[in-house]
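Before any comments, here is the structure.
The values are calculated or read from the model by the stated rules, or taken from the named source; none is laboratory data. Just so you know, these numbers come straight off a predicted model, no measurement behind them. Cβ: placed from backbone, ideal geometry, glycine included. Neighbour counts: every protein chain shown.
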Ligand code: ATP
Ligand code: MG
Ligand code: MG
Ligand code: MG
């Protein structure tokens, strides 16, 4: 089954169960003060749960473009290093707004996975919420009992609040959840270690694919829980992980969601992707094909890379991709923008915004690459020198003054310095760096005329960005 067919089958199944199929909301949220990006399918329906808006239908399904690079759900550090966390991914979801609850949600998920998609039952495990005394939350006996009619009891696992109580962010709708995990290991491996021991344990072949959330609370800004006006179902299934399971692969990157992009990177870089977990080259290729999706979809949805807020997050993702390909794929010239056409070919039919905004997306990425590559060259040489010196001095922490100089004078991103240092077993002095940043902000406030001038010229090298506050207050007010 191709990924296109897998996506369509999901939507068709839920349509046949009376769900209205709606398009994905934009990946960038423009008017939500608590969240910059859609980090799950439910984000666009938040107001329905809270009772602020009437839902269009009581049953809805879709695939939602998600981004998990900031806030409560931030997977950036895993991306490229594992085979199943992405920055941007699609979340397939079905919702009930005050309509069906646990029994149907569980029955639908089970039927779709085992009968429509044909996943062998013996490859599946499910988890339920064990309860939490500190918040007076009970164990989810109902979910347990409903699961019992589909799956043997030894495959139903208790899970703690971290894994089985879903929350969108620091505040907002939330509730206990029940998750489905798929064991993709060989029979031999299964005989050696039970899949039960590997659920929620970061095993690359025993992965969580679907989360069924039983929405019944709202986490208020003061941290307390209140009951929602009604009970709802909110589910989210990782599309790329589902493709891995159905296409018999052991990595999301080996599915047809990623292989065309990987083939293009191989062609452009002359490097072969071998799928090795620890290989720097393979990590770089995974990072590149992952990050291009996040950046392309964000730009297509109207978020240009910039110096502040969501735009800065997008700029940093792109720069992370550029840094990896510069360092490990020897790509010293812009090339990421060439992947946009491949992405369009693959996803443009389902997500027409990629087609419509294709030229803009391509041009923006290309010019970002050009400007960042100029910065990187110089900065990398300096970081390497600094690391060598620190090691030679028998120190574990890079000297703060030099780290700050790299950032401030040479425009080299501090997170990149951090990553490179960590790779060599070194760290940076976070407190000292923050203090230097603050002092710098104070200095620039004292010289606002100079500052305006700086920002004009810094359009060219915005890596000297000193923080969102400074940018907003000083560029626009003075
Ligand atoms: P994990 O424990 O693997 O990090 P999660 O519990 O954080 O996943 P949920 O918030 O429950 O994920 O989201 C619902 C589904 O979305 C998950 O079951 C998974 O299939 C998928 N998913 C979550 N995060 C990612 C990601 N970074 N990349 C790809 N798919 C993801
Ligand atoms: Mg997670
Ligand atoms: Mg999880
Ligand atoms: Mg989960």
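Assorted remarks:
- Hey, residue 80 touching a helix residue (DSSP H, G or I) at 6+ places or on another chain (Cβ under 8 Å) and either closer than 23 Å to residue 257 by Cα or within 16 Å of ligand 2 (Cβ to nearest atom) (or both) or not: yes
- One residue stands out in the range 160-186 among those that are at pLDDT below 95 and in contact with a helix residue (DSSP H, G or I) (Cβ under 7 Å, 6 or more places away or on another chain): the one that is nearest to ligand 3 (Cβ to nearest atom), namely 168.
- Looking across the range 55-79, the residues that are out of contact with any strand residue (DSSP E or B) (no Cβ under 9 Å at 6 or more places or on another chain) and within 16 Å of ligand 4 (Cβ to nearest atom) come down to 74, 78.
- Checklist (1) at pLDDT 95 or above; (2) in contact with a strand residue (DSSP E or B) (Cβ under 7 Å, 6 or more places away or on another chain) applied to residue 111, failing item: (2)
- The set of residues in the range 206-237 being within 16 Å of ligand 2 (Cβ to nearest atom) and over 19 Å from residue 66 (Cβ atoms) consists of 206 alone.
- Check on residue 98, in contact with a strand residue (DSSP E or B) (Cβ under 7 Å, 6 or more places away or on another chain), without any contact (Cβ under 8 Å) to a residue 40 or more places away in the chain and more than 16 Å from ligand 4 (Cβ to nearest atom): no
- Any pair with Cβ under 7 angstrom, 6 or more apart, that starts in the range 54-80 at a residue that is more than 20 Å from residue 299 (Cα to Cα) and ends at one that is in a strand (DSSP E or B) and within 15 Å of ligand 3 (Cβ to nearest atom): 72/167
- Of all residues in the range 60-81 being crowded, with 22+ Cβ neighbours inside 10 Å and more than 11 Å from ligand 1 (Cβ to nearest atom), the one that is farthest from residue 415 (Cα to Cα): 60
- Residues in the range 119-151 that are out of contact with any strand residue (DSSP E or B) (no Cβ under 6 Å at 6 or more places or on another chain) and assigned to a helix (DSSP H, G or I): 121, 122, 133, 134, 135, 141, 142, 145, 146, 148.
- Within the range 403-421, tally of residues that are modelled with pLDDT of 90 or more and either surrounded by fewer than 17 Cβ atoms within 10 Å (Cβ to Cβ) or in a loop (DSSP other than H, G, I, E, B) (or both): 1
- Whenever a residue of the range 321-333 is closer than 16 Å to residue 367 by Cα, its partners that are surrounded by fewer than 20 Cβ atoms within 10 Å (Cβ to Cβ), lying with C-beta atoms within less than 6 angstrom and at least six residues away or across chains, give the pairs 331/269.
- Among the residues of this structure, residue 175 does not count as one that is within 29 Å of the chain's Cα centre (by Cα) and within 30 Å of residue 277 (Cα to Cα).
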